[in-house]
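Every read-out reported here was derived from the displayed coordinates using simple, explicitly stated rules and does not represent laboratory data. Treat the numbers as computed from the prediction; the structure is a model and nothing was measured. Counting neighbours? That spans all protein chains shown, and the Cβs are built from the backbone with ideal geometry, glycine included.
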Amino acid sequence: MTVLKILKYPHPILRIPCPEVLVFDEVLQGLVADMVETMYHGTGAVGLAAPQVGQSVRVFVMDTNAYTTRDNLKIMVNPKIISASRNKTMREGCLSFPDYLANVKRSKRITVEAFDALGVLHSYELKHLEAVCVQHEIDHLDGVLMMDRIESLKTDWLRRQNTQEEAVDSQD
Ligand code: ZN
């Protein structure tokens with residue numbers, strides 16, 4: 001497995017909507033393994049989307065316990081949100097914007113369907129941090145970034161004060 005380079009804004013690939021995965025082969029499984037390795041490799045992240053490592057495909061990995069037990073890994077290929085609750089403003093970060101945090105309106109609870117790396121379809125009912133993370137990562141797959149979701153640059157786009165401390169709030 002390889003730790004991949006994370007692309008930062010304004011790299012153009014971050015703006016390209018990703019096509020769906022059609023073939024669940026060892027190339028896909030290798031990409032997923034490298035993405036998991038990269039997410040766990042001192043990034044301070046709980047999620048990572050394929051375009052952030054230069055691959056324009058609908059794949060992301062997440063683990064809201066990435067900082068601690070690393071026992072909540074989810075791999076989502078061609079994810080689709082089936083239902084979502086009303087929005088609430090949440091604070092989030094992004095590996096492609098290492099110096100910033102944003103206040104973004106996200107659904108607190110969602111149901112999402114996604115394939116794993118072997119092509120098996122799963123359904124997840126998620127809330128809080130996991131729900132926010134899925135919405136943030138699906139945005140990446142659509143070429144949408146945090147700043148597209150904020151209402152005001154003045155109040156919702158914040159420079160990180162303390163990277164270590166704030167990193168715990170980071171979604172991705
Ligand atoms: Zn992100």
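Calculate, in nm to one decimal, what residue 88 and residue 148 gain on full extension: separation in residues at 0.36 nm each, minus their alpha carbon distance.
Full-extension gain reported as 20.0 nm.
How far, in nm, would the chain grow between residue 26 and residue 9 when pulled straight, counting 0.36 nm per residue and subtracting the alpha carbon separation?
Fully extending the segment from residue 26 to residue 9 adds 3.2 nm.
Taking only the alpha-carbon positions of region 81-150 and ignoring solvent, what does the Debye formula give for the base-10 log of I(q)/I(0) at q = 0.13, 0.19 Å⁻¹?
The Cα Debye sum returns log10 ratios of -0.38, -0.77.
Taking a quarter of the surface of the Cα convex hull of the chain, what do you get in nm²?
9.2 nm²
If each of residue 16 and residue 41 carries a label point 7 Å out from its Cα toward its Cβ, how far apart are those two points in nm?
2.2 nm
With each run of n ≥ 4 DSSP H residues scored as -39500 (n - 2.57), what mean residue ellipticity at 222 nm is computed for the chain after dividing by its residue count and rounding to the nearest 500 deg cm²/dmol?
Helices in the chain give a 222 nm mean residue ellipticity of -6500 deg cm²/dmol.
If you rank 5, 88 by fewest surrounding Cβ atoms within 10 Å, what's the result?
5, 88
Answer with one residue from 56, 42, 101: the one whose Cα lies farthest towards the positive end of the charge dipole of the chain, charges on Cβ with Lys, Arg +1 and Asp, Glu -1.
Value: 101.
How big is region 59-108 in terms of Cα radius of gyration and Dmax, in angstroms?
That works out to 13.1, 33 Å for Rg and Dmax.
Explain nothing, just the number: dipole magnitude of the chain about its Cα centre with +1 on each Lys and Arg Cβ and -1 on each Asp and Glu Cβ, in debye rounded to the nearest 20.
Computed about the Cα centre, the dipole is about 640 debye.
Please report 139, 25 as a ranked list, fewest other C-beta atoms within 10 angstrom at the top and most at the bottom.
25, 139
Give me the Å³ per residue figure for the convex hull around the C-alpha atoms of region 14-66.
77 Å³
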